[in-house]
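Q: Sharing a structure below in structure tokens format, with a few things to ask.
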Amino acid sequence: MSEGAAKKEDKPRKFQAIRGTRDLLPPETTLWNRVEQTAHSVFATFGFGEIRVPVFEPTELFARSIGLNTDVVSKEMYTFADHDLQGLDISCSQVIRMIDMFSSPGQAQYVVTALNHFLAAANQEIVRGNLSRTPEVVIAMQRLEEDMLFLSGVQATTPSAEFSYRTNEIRLTLEAMQWGIDVALRPEATASVCRAYIEHNMQQLPQPVKLYYMGPMFRRERPQKGRYRQFYQIGAEILGGTDSPAIDAEVIEMVMTFFDKLELQGVQLDINSIGCRDCRPKYVELLRAELLKVKDKLGPDSQRRIETNPLRVLDSKLESEQKIIEKLPHIADHLCNDCATHYAAVKRQLELRGVIYRENWRLVRGLDYYMRTTFEITAAGLGSQNAVCGGGRYDGLVELLGGPSIKGIGFAIGEDRLILSLQESGKLPAQQGRDVYIAWMGEKAHATAIRAAKDLRNAGFSVELPPVEQKFGKALGQADKLGARFALILGDNEVAEGLWTLKTLADGSQQKLTEPDLLDFLRKL
Ligand code: ATP
Ligand code: MG
């Protein structure tokens, strides 16, 4: 290796955040905090309590709720096998050890016992839910059962080649077996909230249960402005109780109030009803039939969706498809009586609340569990990724996840996009500078400065206390750079006199104050 190459190797690797993830830094995080604080307070006024659910869950939870044919589940989830099955590990290695130790047919019994023990342990973990019944696991277990049956019938006279062929098969099966549960980083949180509702028997609480959450979600999408692989959502769910249209309207009113408080610009609410289990399938069939007639005029994505998820075709942004889509049948004309009545009442309820909406018959949601009311909110300054909130009703989802048959509705706000839009419209919080920079010189002054810093901080002021002595000129320069409002100057004279010098950095004026007067003065600002 040349010297140059060696040097290159020695240089430690520089790491970068993974594509689609990013660091949120100050001062931007001040805005994130303000948004989150506003959510906490607005949602509390509507009677919502915060729930914090895990960042990963069994993959099956999302597959079952969001739906296999959705983009989220079919291609965007981060999944991995997680296993915490040490007992199973041990009994697996025990089988392999027996195979290594006993290689003659007369000793088959030892392998059988170990294998039997392993299969029993594996079955127990399946029952406990620690081992997923993936097709691979099911096939491997069947194969091992057959092998065990064979070995149980082995005689001392069985040819040893046959015996070792079988034991080798067992070893290969065991080595290839991946156990553990298939886990996914959450792509959204509604499924988790429903899981938690069931797990904690929340149907015993007064209904409906109103919960909200905020936190990171993960989807493997093509990163671009407003679209990340780790992004943040603020969402809320109303579970249980009735499906009264007033609930739909109130939850929408809550999001709009939240956006209003943040002074989000260009807010546009679109609503639609996508029917229920009775009327939607009929409409979907009609849509499919109509789409088949124009199939060759559609792009490949829409062509595929005719089979998998025809409603999603309505969502298409492809320019060449717009004219065709406009001519497709509208779901509003195919709602059953109950759904039509419900939708009309939701609109009336929104009007009573002064919520301005636009009906959008092409609004369908990307996740399978939605029914009846669906809505989406867009905001200014976001280009084509302009949806800041999506939501809708999902009666039946809790039941689908093994819980009681209850009603549900909710929404999720894309916090990253919300922040982007606020930034674009100049709604930035003022850069947070320090209130007081303490410029001290000398040992005695340092002791006083430490005490002053403690008192000022206790009183709620933000204080910068330099760790080492600086010349006053340099200290004042530093105070300026940090955007401090005041510099508190503490030198030998100040300490001796008990009169501290406070300099207002904006105009350079100075005043001398005793310690109690200083606190009084700052408090009154
Ligand atoms: P889009 O059509 O923009 O992909 P979606 O229908 O997939 O959105 P939902 O699953 O309804 O979105 O999530 C609700 C909100 O979360 C969206 O309106 C959006 O603001 C935000 N969101 C979704 N995916 C991302 C992402 N990858 N990056 C940033 N925000 C996202
Ligand atoms: Mg999406």
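Q: Can you give the calculated 222 nm mean residue ellipticity of the chain, where each DSSP H run of n ≥ 4 adds -39,500 (n - 2.57) and the sum is split over every residue, rounded to the nearest 500 deg cm²/dmol?
A: That comes out to -14000 deg cm²/dmol.
Q: Turning to a different aspect of this structure: If you roll a 1.4 Å probe over segment 177-245 with all protein chains in place, what percent of the accessible area is carbon or sulfur? Numbers along the way, then the final one.
A: Working: 1260 of 2620 Å².
Percent of accessible area from carbon and sulfur atoms in segment 177-245: 48.
Q: Using the alpha carbons of segment 89-245, what is the convex hull volume per residue in cubic angstrom, as a whole number? Let's see the in-between values first.
A: Values: hull volume 26.9 nm³, N = 157.
Spread over its residues, the Cα hull of segment 89-245 gives 172 Å³ apiece.
Q: Okay, next question. What accessible area per residue, rounded to a whole number of Å², is obtained for segment 86-212 using a probe radius of 1.4 Å? Before the final figure, lay out each step's value.
A: Details: 6670 Å² over 127 residues.
For segment 86-212, the per-residue accessible area is 53 Å².
Q: Taking C-beta distances below 4.7 angstrom as the pairing criterion, name the unpartnered cysteines of the chain, in sequence order.
A: So, C92, C194, C276, C339, C389.
Q: I need the Debye-formula profile for segment 270-392: one equal scatterer per C-alpha, no solvent, reported as log10 I(q)/I(0) at q = 0.10, 0.18, 0.20 1/Å, two decimals.
A: -0.32, -1.01, -1.20
Q: Same structure again: Based on DSSP, what percent of beta bridges with both residues in the chain are antiparallel, to the nearest 5? Walk me through the numbers on the way to the answer.
A: Values: 50 of 61 bridges.
For the chain, the DSSP antiparallel bridge percentage is about 80.
Q: Give, as a single signed number, the net charge of other residues whose beta carbon lies under 14 Å from the beta carbon of M98, with Lys and Arg counted +1 and Asp and Glu -1. Don't skip to the answer; put the middle values down first.
A: On the way: positive: R97, R166, R171; negative: D100, D147.
Around M98, the charge tally is +1.
Q: How big is D, in µm² s⁻¹, for segment 1-130 by Stokes-Einstein at 37 °C and 0.692 mPa s if Rh is the Kirkwood radius over C-alpha pairs? All intermediate terms of the calculation are to be shown ahead of the outcome.
A: Numbers: Rh = 21.8 Å.
Rounded to a whole number, D works out at 151 µm²/s.
Q: Give me the percent of the accessible area of segment 417-495 that comes from carbon and sulfur atoms, probe 1.4 Å, all protein chains in place. Can you show the working numbers first?
A: Values: 2000 of 4150 Å².
It is 48 percent, rounded to a whole number.
Q: Shifting gears a bit: Enter the accessible area per residue of segment 344-391 (Å², integer; probe 1.4 Å; all protein chains in place).
A: Details: 1940 Å² over 48 residues.
Here the residues of segment 344-391 average 40 Å² of exposed surface.
Q: Projected area of the chain, taken from the Cα convex hull and averaged over every viewing direction, in nm²?
A: Working: hull surface 162.7 nm².
Averaged projected area of the chain's Cα convex hull equals 40.7 nm².
Q: Suppose every Lys and Arg Cβ carries +1 and every Asp and Glu Cβ carries -1, with no other charges. What dipole size does segment 23-167 come out with about its Cα centre, to the nearest 20 debye? Write down the numbers at each step before the final one.
A: Numbers: 9 positive and 18 negative charges, 62 e Å.
Approximately 300 debye in magnitude.
Q: Okay, moving on. As an exercise, use a Förster radius of 22 Å and the Cβ-Cβ distance of T157 and Y110 to find the FRET efficiency, rounded to the nearest 0.05.
A: On the way: r = 18 Å, r/R0 = 0.82.
E(calc), rounded to 0.05, equals 0.75.
Q: How large, in percent, is the carbon and sulfur part of the accessible surface of segment 1-109 at a probe radius of 1.4 Å? Each step should come with its number before you reach the end.
A: Working: 3780 of 7150 Å².
Carbon and sulfur: 53 percent of the exposed surface of segment 1-109.
Q: Here is a further query. Would you list which lysines come within 22 Å of K327, measuring only between C-alpha atoms, while excluding same-chain residues fewer than 8 positions from it?
A: Result set, ordered by chain and number: K282, K293, K295, K297, K317.
Q: Which helices, taking whole DSSP H runs in the chain, have alpha carbons extending 27 angstrom or more along the helix axis plus mean Kyte-Doolittle at least 0.0? Can you show the working numbers first?
A: Values: long enough: 108-128 (30 Å, 0.44).
Qualifying helices: 108-128.
Q: Taking a ≥ b ≥ c as the square roots of the Cα gyration tensor eigenvalues, with a/c under 1.5 meaning rounded and otherwise prolate when a/b beats b/c, else oblate, which class fits segment 401-525? Spell out each step's value before the answer.
A: On the way: a/c = 3.21, a/b = 2.46, b/c = 1.30.
It is prolate, given that a/c is not under 1.5 and a/b is the larger ratio.
Q: Same structure again: Students often get this wrong, so check it: of K14/K225; K11/K471; K11/K454, which have C-alpha atoms separated by over 31 Å? Walk me through the intermediate numbers first.
A: Working: K14/K225 25 Å; K11/K471 38 Å; K11/K454 43 Å.
In this structure, K11/K471; K11/K454 exceed 31 Å between Cα atoms.
The values are calculated or read from the model by the stated rules, or taken from the named source; none is laboratory data. It should be emphasised that the depicted structure is a prediction, and the values quoted were computed from it without experimental measurement. Cβ coordinates were reconstructed from backbone atoms using ideal geometry, including for glycine residues, and neighbour counts include every protein chain displayed. Ligands, DNA and RNA are excluded from the accessible area calculation, which covers all protein heavy atoms including side chains. Shrake-Rupley method; radii C 1.70, N 1.55, O 1.52, S 1.80 Å.
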